[in-house]
Amino acid sequence: MTFLGEIMLLSGLMGLYLFGNLSLRRLSRKWVSGLLFLGELCIAIHLIAMGFKGWLTPHKWHGGLPPISILCFAVVAATLIVLLLPSSKKAVE
């Protein structure tokens, strides 16, 4: 397996493990936000490793449509940006 394949597999499994821990354990809000951020970061790395080469060649996109990996990366990137924004102190817990 290539180095890129190893990175893709490792980051995907780490993201799955982190999201699995969120659903199985009762954690404080601080831990949940930390695990969410790390899980999203692992998924972003997974998507970059998986589809970055195809993102750079729009003339090879089937039907002129962007690859699904770049669309998923856009959603993950937006989620990471939201997680990095400071939270309101008035949030209901």
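The values are calculated or read from the model by the stated rules, or taken from the named source; none is laboratory data. This is a predicted model, so every value here is computed, not measured. Here Cβ is always computed from backbone atoms with ideal geometry, including for glycine, and neighbour counts include all displayed protein chains. Surface areas here come from the heavy atoms of the whole protein model, side chains and all, with no ligands, DNA or RNA. Shrake-Rupley method; radii C 1.70, N 1.55, O 1.52, S 1.80 Å.
For region 1-87, the list of chymotrypsin sites (Phe, Trp or Tyr not before Pro) that fall in a loop by DSSP and count at most 16 other C-beta atoms within 10 angstrom reads W61.
Note that region 36-41 has calculated 3J(HN,Hα) couplings of 4, 4, 5, x, 5, 5 Hz, one per residue in order, obtained from phi through the Karplus relation 6.51 cos²θ - 1.76 cosθ + 1.60 (θ = phi - 60°); glycine and proline are x. Accessible surface computed residue by residue for the chain, with neighbouring protein chains in place and a 1.4 Å probe, gives 78 Å² per residue.
Computed from backbone phi, the HN-Hα couplings of region 15-28 come to x, 4, 5, 5, 5, x, 5, 5, 7, 9, 10, 8, 10, 5 Hz, rounded to whole numbers (Karplus: 6.51 cos²θ - 1.76 cosθ + 1.60, θ = phi - 60°; Gly and Pro given as x).
On a 0 to 90 degree scale, rounded to 10, what angle separates helix 68-84 from the longest Cα axis of the chain? Once rounded, one gets 30 degrees. Dipole of region 1-84 (Lys/Arg Cβ +1, Asp/Glu Cβ -1, origin at the Cα centre): which of G20, I45, L56 lies farthest to the positive side? Working it through, the farthest residue towards the positive pole turns out to be G20. Using a probe of 1.4 angstrom, how much of the accessible area of the chain is carbon and sulfur, in percent? Carbon and sulfur together cover 73 percent of it. V82 sits with roughly 100 Å² accessible to a 1.4 Å probe, with DNA, RNA and ligands left out of the calculation. Taking N as the residue count of the chain, its C-alpha radius of gyration divided by 2.2 N^0.38 Å amounts to 1.30. With all protein chains in place and ligands, DNA and RNA left out, the 1.4 Å accessible area ranks S87, S11, S28 as S87, S28, S11, largest first.
Between L27 and any residue 5 or more places off or on another chain, the built amide H atoms are never under 5 Å apart. Taken about its Cα centre, the chain carries a charge dipole of roughly 320 debye when the Cβ of each Lys and Arg holds +1 and the Cβ of each Asp and Glu holds -1.
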